[in-house]
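Notes for the one structure printed next.
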Number of protein chains: 2
Amino acid sequence: MELALELARFNARGSDGGPFGAVIVHEGKVVGEGSNRVTTTMDPTAHAEIVALRDAAKNLGRFDLRGCVLYTSCEPCPMCLAAVYWARVDRVVYAATQDEAAAAGFDDAFLYEEFAKPMASRSLVCTREAGDGEDPFALWLANPNKVPY
Amino acid sequence: MELALELARFNARGSDGGPFGAVIVHEGKVVGEGSNRVTTTMDPTAHAEIVALRDAAKNLGRFDLRGCVLYTSCEPCPMCLAAVYWARVDRVVYAATQDEAAAAGFDDAFLYEEFAKPMASRSLVCTREAGDGEDPFALWLANPNKVPY
């Protein structure tokens, strides 16, 4: 946790990205690190946790991070929390809360409120438009060469 | 939408990743494309929408995708939906639903159920461990050189 906070503090003092840091630990060793890189890499998804998950997956050579723990300077936003689920990380340890992030100007608490609403009540408009032609899921289920995850 | 579905079908027939495709449109032009790349790039965050958002941000040279629309072969999972909010995309158009994704073996519907629960009731254990030392958010708020986003 101290390393995650130090990464967050480094960004908070400079101009390399938002004040967030994250570390992935596997069997007592740091296997991934990340700090926020949204503004420096022009990547809206480059939150510290996402950067750390990608770093750990690359270093371990697998997309399934079972057996890993995520230490993060702040409670993960919904994007990062869902990424943790997809990566099958065992558990999460965080320092600051989503409300503290909100007080510093970040939308984490707002996003959690949005996710608790039904789709039609959210501020982001999502509409369905069924396409013509073959259903990708039917093709997937019938595909003997698929790599499940 | 046809391009998003064609990207999804291409993956569904082969072994390059899950059966999902996404396209970002700005002022009537495609500015970003993505298909699922989780298993081929060993990146648990490489969902089609995330890949497309990164591609569009890179092509437009900005992390704020206001004025863009996301077309996706399937209703975005919570990770991708939150990424859409962070990227400030105007709206989302999707073909298949999260329940159809669940029927094809993907956890989207499960994740939405998890997000609707309070933290303590979720299957993923998240614990708080406040760190010692300076608060990164206090440093951020006091930093005159920060780049907000």
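Structure summary
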read-out: Size of segment B:31-149 as Cα extents on the principal axes (Å, biggest first); value: 47, 40, 28
read-out: Given chain B, longest segment not containing exposed loop GluC sites (Glu not before Pro) (DSSP; at most 12 other Cβ within 10 Å); value: B:28-128
read-out: Exceeding the 26 Å Cα-Cα cut-off - candidates A:Lys146/B:Lys117; A:Lys29/A:Lys58; A:Lys29/A:Lys146; B:Lys58/B:Lys146; value: A:Lys146/B:Lys117; A:Lys29/A:Lys146
read-out: Solvent-accessible heavy-atom area per residue, rounded to whole Å², over the protein assembly as shown at 1.4 Å; value: 41 Å²
read-out: Computed label-point distance, nm, for sites A:Lys58 and A:Ala130 using a 7 Å Cα→Cβ extension; value: 4.2 nm
read-out: Total accessible area lost when B and A pair, probe 1.4 Å, Å² to nearest 100; value: 7700 Å²
read-out: Distance from segment A:62-76 to segment B:96-142 (C-alpha centre basis), Å; value: 11 Å
read-out: Within the accessible area of the protein assembly as shown (1.4 Å probe), percent carbon and sulfur; value: 52 percent
read-out: Selected from A:Tyr94, A:Tyr71, A:Tyr112 as most flexible by GNM, with chain A as the system and alpha-carbon contacts under 10 Å; value: A:Tyr112
read-out: Share antiparallel - DSSP beta bridges, segment A:1-138, percent rounded to 5; value: 70 percent
read-out: 10 Å binning of all Cα-Cα separations within the protein assembly as shown, expressed as whole percents from 0 upward; value: 7, 29, 36, 22, 5, 0
read-out: Relative contact order (percent, whole number), chain B, Cα cutoff 8 Å, 6+ residue spacing; value: 16 percent
read-out: log10 of Debye I(q)/I(0), alpha-carbon scatterers only, for segment B:37-105 at 0.16 Å⁻¹; value: -0.55
read-out: Gaussian network model of chain B, Cα within-10 Å springs - most flexible of B:Ala138, B:Ala57, B:Ala96; value: B:Ala138
read-out: Residue of A:Gly17, A:Gly133, A:Gly32 that the Gaussian network model of chain A assigns the largest fluctuation, springs spanning Cα pairs under 10 Å; value: A:Gly133
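The values are calculated or read from the model by the stated rules, or taken from the named source; none is laboratory data. Since this is a predicted model, take the numbers as computed values, not measurements. Positions of Cβ are generated from backbone atoms using ideal geometry, with glycine treated the same way; all protein chains shown enter the neighbour counts. The accessibility values were calculated without ligands, DNA or RNA, using every heavy atom of the protein model including side chains. Shrake-Rupley method; radii C 1.70, N 1.55, O 1.52, S 1.80 Å.
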